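Read through the structure below, which is laid out as structure tokens, and then see the notes.
The values are calculated or read from the model by the stated rules, or taken from the named source; none is laboratory data. The model shown is predicted, which means the values in this text are computed figures rather than measured ones. Cβ sites come from the backbone with ideal geometry, for glycine too, and all protein chains shown count toward neighbours.
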């Protein structure tokens, strides 16, 4: 990965963590002083021209691909905790603007590591009772999609993460804040639609409905298209390679820029596939098996509670 790509991705990764951390507030007299010395706005304002509008879609795609890549690699796979560049930039940021001082928060991945642990190389989930009784499996039981879907909460988090990069870049293109949001919000919706249509189903989980997030049924008819087939095999490689490559899911680009893309011909021989081939790449798990996850998890929790010593 060259220096520019590394810096861009790391900046997004640090921004993703920083976006959810409260900022230090400056004293009122300092704020008044800054406001009084601020230069007056020029009467000539930049406006988005034809070239800017032509660049809007590819620019937004690139920003979303970069955000998806950074979030997946540095947050969900927790590489933020061990990457030297991430830690150095974060140390400067948190020392200056965060009430946490120089203490850098550690990320845990939000259950994504557990998702990898329960996924087989053919994209189906482990369904043996030993796995279902494990702490990793039980930790995913609170989510009916087991951490695979873009719920409304996840979409909101990604929107916040997109702001530090999208607003300044689109301002440079001449777009107003209002117009930037008019482009960003539909783009976010499209990203969530693609993700929710392909990701839960490829792992045998049910389609998400509008109550929980962008509904998967909107794009269900495209699951057998060449584009969705490419997304499927690209993400399949991500799991086969232990979550170390092919980080992009819905917006492929930054894996190619950062040197983390691996072609199917290289990772396919490494796949450990079960003897019985999956009939359909989007075939769903039996609802009874999904219910069994919850039943065994609840029984395990009750067992742990009953063994806990009672204090007077």
When the range 129-156 is examined, which residues are found to be on the phi > 0 side of the Ramachandran plot and either out of contact with any strand residue (DSSP E or B) (no Cβ under 9 Å at 6 or more places or on another chain) or in a helix (DSSP H, G or I) (or both)?
-> 147
Among the candidates 234, 248, 212, single out the residue that is on the phi < 0 side of the Ramachandran plot, under 17 Å from the mean Cα position of the chain (by Cα) and crowded, with 23+ Cβ neighbours inside 10 Å.
-> 248
Restricting to the range 272-295, what's the tally of residues that are under 27 Å from the mean Cα position of the chain (by Cα), modelled with pLDDT of 85 or more, outside any loop (DSSP other than H, G, I, E, B) and surrounded by 15 or more Cβ atoms within 10 Å (Cβ to Cβ)?
-> 1
Can you name the condition, by its number, that residue 210 falls short on among (1) under 30 Å from residue 50 (Cβ atoms); (2) out of contact with any helix residue (DSSP H, G or I) (no Cβ under 6 Å at 6 or more places or on another chain)?
-> (1)
Which one of the conditions (1) in contact with a strand residue (DSSP E or B) (Cβ under 8 Å, 6 or more places away or on another chain); (2) farther than 18 Å from residue 160 by Cα; (3) surrounded by 21 or more Cβ atoms within 10 Å (Cβ to Cβ) does residue 239 fail to meet, given that it meets all the rest?
-> (3)
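Can you find a residue in the range 179-187 that is loosely packed, with under 15 Cβ neighbours inside 10 Å, under 18 Å from the mean Cα position of the chain (by Cα) and farther than 15 Å from residue 280 by Cβ?
Residues of the range 179-187 that are loosely packed, with under 15 Cβ neighbours inside 10 Å, as a first pass: 182, 185-186.
Narrowing further to those that are under 18 Å from the mean Cα position of the chain (by Cα): 185-186.
Pick out the ones that are also farther than 15 Å from residue 280 by Cβ and you get 185-186.
The answer is yes; a qualifying residue exists.
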Determine if the range 252-271 includes at least one residue that is under 17 Å from the mean Cα position of the chain (by Cα), touching a residue at least 60 places away in the same chain (Cβ under 8 Å), assigned to a loop (DSSP other than H, G, I, E, B) and within 27 Å of residue 153 (Cβ to Cβ).
-> yes
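Name the residue, out of 110, 156, that is surrounded by fewer than 18 Cβ atoms within 10 Å (Cβ to Cβ), under 23 Å from residue 194 (Cα atoms), within 23 Å of the chain's Cα centre (by Cα) and at pLDDT below 85.
110
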Members of the range 111-128 that are over 17 Å from residue 144 (Cβ atoms) and not in a loop (DSSP other than H, G, I, E, B) = 113, 116, 117
Taking the condition over 19 Å from the mean Cα position of the chain (by Cα), part of a loop (DSSP other than H, G, I, E, B) and surrounded by fewer than 18 Cβ atoms within 10 Å (Cβ to Cβ), does residue 169 pass?
-> no
Unmet requirement for residue 256, which otherwise passes all of (1) at pLDDT 95 or above; (2) surrounded by 17 or more Cβ atoms within 10 Å (Cβ to Cβ) | (2)
Could you tell me whether any residue of the range 198-209 is closer than 17 Å to residue 112 by Cβ, touching a strand residue (DSSP E or B) at 6+ places or on another chain (Cβ under 7 Å), part of a helix (DSSP H, G or I) and free of Cβ contacts under 8 Å to residues at least 60 places away in the same chain?
-> no
